[in-house]
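Down below is the structure, laid out as structure tokens.
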Amino acid sequence: MKVILLLIAAVFSGTAVADDHTDGGPFYAFYHLQVTNPAGVVGAMDKFWASDCGKQYPADVALSQEVFNGGYESTHFIINTFQSIEEQAKAAEIMRSCPDSQVFLQELSANAQPVMEYMGPAPVDENDWGQDSAFSKFDIIVEPQDQAAYAAAYLKMMKAVEQDISLRSYGIGAVFFGRDKFTHWVWTGGRTQAELGAISQQLLSHPAYAAFNEEVGGMRKVVNTTQVQMLKAYPRN
């Protein structure tokens, strides 16, 4: 149990490291979990974010279910949106020192096991994903020499598609810390799974998407695709 608590504490209180790439936000921090008791996780999160420490937590937080995710061991993930490295450092200190945080970590460890974590900014981040609750998420590998060209081609394609299709949120996130499985994640959002499905079908059949795939086919490798359903949000106070 002590080992599990240490692992979860490490996930939620990673050391903040600032360099030339990470001076500004927002940063998205993903904490993937294998959940054995979803109600217990929701209860632990409700309790913490209602506490004095939770009310000081400097991030927008959401719990999502990975409805379909291939061979990944995780069943859910918690995403934190930090606006700066300073906010991440403050969150780390709260998780290390606040009694409410220690109770939260204990209750979380009783209902879930940590699987993986990663954090980074989103070079492309359009239309406020916080207004959506259903997402398609693609984990991809793009080599450093191709990353700028890939992001530019993706944004060009999506802007062209947006002329004909009512898109919701979409973007590309770049993994700066925790980059051991993929380098980027790409998402498309919808208010419901039905709306997301309709958007995805229209997107896949659009001529700009075909041109995009022809342009970037040699730049990226798709590692995994996930259907995501947001379960509950905990906005910062």
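Quick notes on this one:
- Distance between modelled label sites at ASN37 and ALA148, nm, 7 Å Cα→Cβ extension: 5.2 nm
- Rounded to the nearest 20, the size of the Cβ-charge dipole of the range 153-211 about its Cα centre is 140 debye, with Lys and Arg at +1 and Asp and Glu at -1.
- Which label in [x] 18.5; [y] 19.2; [z] 17.5 gives the computed Kirkwood radius over Cα pairs in Å: [x]
- Extension gain, VAL103-LEU155: 0.36 nm per intervening residue step, less the Cα-Cα distance, totals 14.4 nm.
- LYS55 paired with ASP128, simple spin-label distance in nm, labels 7 Å along Cα-to-beta-carbon: 2.5 nm
- Residues listed by number, the range 153-193, amide nitrogen under 14 Å from ALA92 label point at 7 Å toward C-beta: 177-178
- Taken about its Cα centre, the chain carries a charge dipole of about 460 debye when Lys and Arg each add +1 at the Cβ and Asp and Glu each add -1 at the Cβ.
- Helix-only mean residue ellipticity at 222 nm for the chain, each DSSP H run of n ≥ 4 adding -39500 (n - 2.57), per residue, nearest 500: -11500 deg cm²/dmol
Readers should treat all values here as calculations from the given coordinates under stated rules, not as data from a laboratory. The model shown is predicted, which means the values in this text are computed figures rather than measured ones. Cβ coordinates were reconstructed from backbone atoms using ideal geometry, including for glycine residues, and neighbour counts include every protein chain displayed.
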